[in-house]
Amino acid sequence: MRNVGPNYSHVRKGGFRTTEQDYLMNWADFIILAIIGISAIFSISRGFISEALSLFGWILAFWLGFTFMHPLAMELAPWIDTPSVRLIIAFVALVVITLLLTALVNGLIGRLVEKTGLTGTDRMLGIIFGAVRGIAIVAICVLLLDGLTVLPADPWWQESMLLGRFQELATEIRGLLPPELAGYLTHPDSPPVGIPPR
């Protein structure tokens, strides 16, 4: 009787199986492509400069929030007694104010781009920026799922055409993190990258 089950006897470089299933996408792959595609589409309407400034604004807002929330919280002591509440209010205030200011700057620069006639180039670069951002979002999600859950051992994960690649990217990202944080993102029961569970 002919065996119709998947053949996992061939392994290509990096530990990934070389079978017909490697060329078939499953639902996880389509979700990954959807995330990247939606991110790119949103960036078309806003453009590269607007998207880059928006990302910079968020990074700056959180940096200012974490850096200056303690000094600002001390200034709030005469009005707020609870230390934790002071810290939360200080952090939120710094983030919101920074985002509002960067949004104003973003709007002014956006109008300048329209007047200079660089809108087409800006939107084209925005597509690339959006796609890269989508890839980064997927990589971070895979990093969290790979490090905090046993989902990589599930068949749908192992049969995915793209998750193994993003798992490798997540491993590279984990290597850039401080050892203390990287330790929290390494699940003891997760299978090695590209190796199916037995």
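The values are calculated or read from the model by the stated rules, or taken from the named source; none is laboratory data. Here the structure is a predicted model, which is why all the values come from computation and not from measurement. Cβ placement follows ideal geometry from the backbone for every residue including glycine, while neighbour counts extend to all protein chains displayed.
Quick notes on this one:
- V95 vs. criteria assigned to a helix (DSSP H, G or I), surrounded by 12 or more Cβ atoms within 10 Å (Cβ to Cβ), free of Cβ contacts under 8 Å to residues at least 60 places away in the same chain and touching a Gly at 6+ places or on another chain (Cβ under 7 Å): yes
- Cβ-Cβ under 8 Å pairs, at least 6 apart or on other chains, region 102-123 side in contact (Cβ under 8 Å) with a residue 24 or more places away in the chain, far side of a type in the set (D, E, K, R) and in a helix (DSSP H, G or I): V113/D122
- Every condition in (1) more than 30 Å from M161 (Cα to Cα); (2) in contact (Cβ under 8 Å) with a residue 60 or more places away in the chain; (3) of a type in the set (V, I, T) is met by T82 except one, and the failing one is (2).
- Per-region count, region 57-86, residues surrounded by 13 or more Cβ atoms within 10 Å (Cβ to Cβ) and among the β-branched types (V, I, T): 1
- Criterion violated by I59 - all others in (1) over 23 Å from the mean Cα position of the chain (by Cα); (2) without any contact (Cβ under 8 Å) to a residue 12 or more places away in the chain satisfied: (1)
- First in region 158-169 and closer than 21 Å to T186 by Cβ, second anywhere and among the aromatic types (F, W, Y), Cβ under 8 Å, 6 or more apart: L163/W157; G164/F16
- Of all residues in region 5-27, none are of a type in the set (V, I, T), at pLDDT below 90 and in a helix (DSSP H, G or I).
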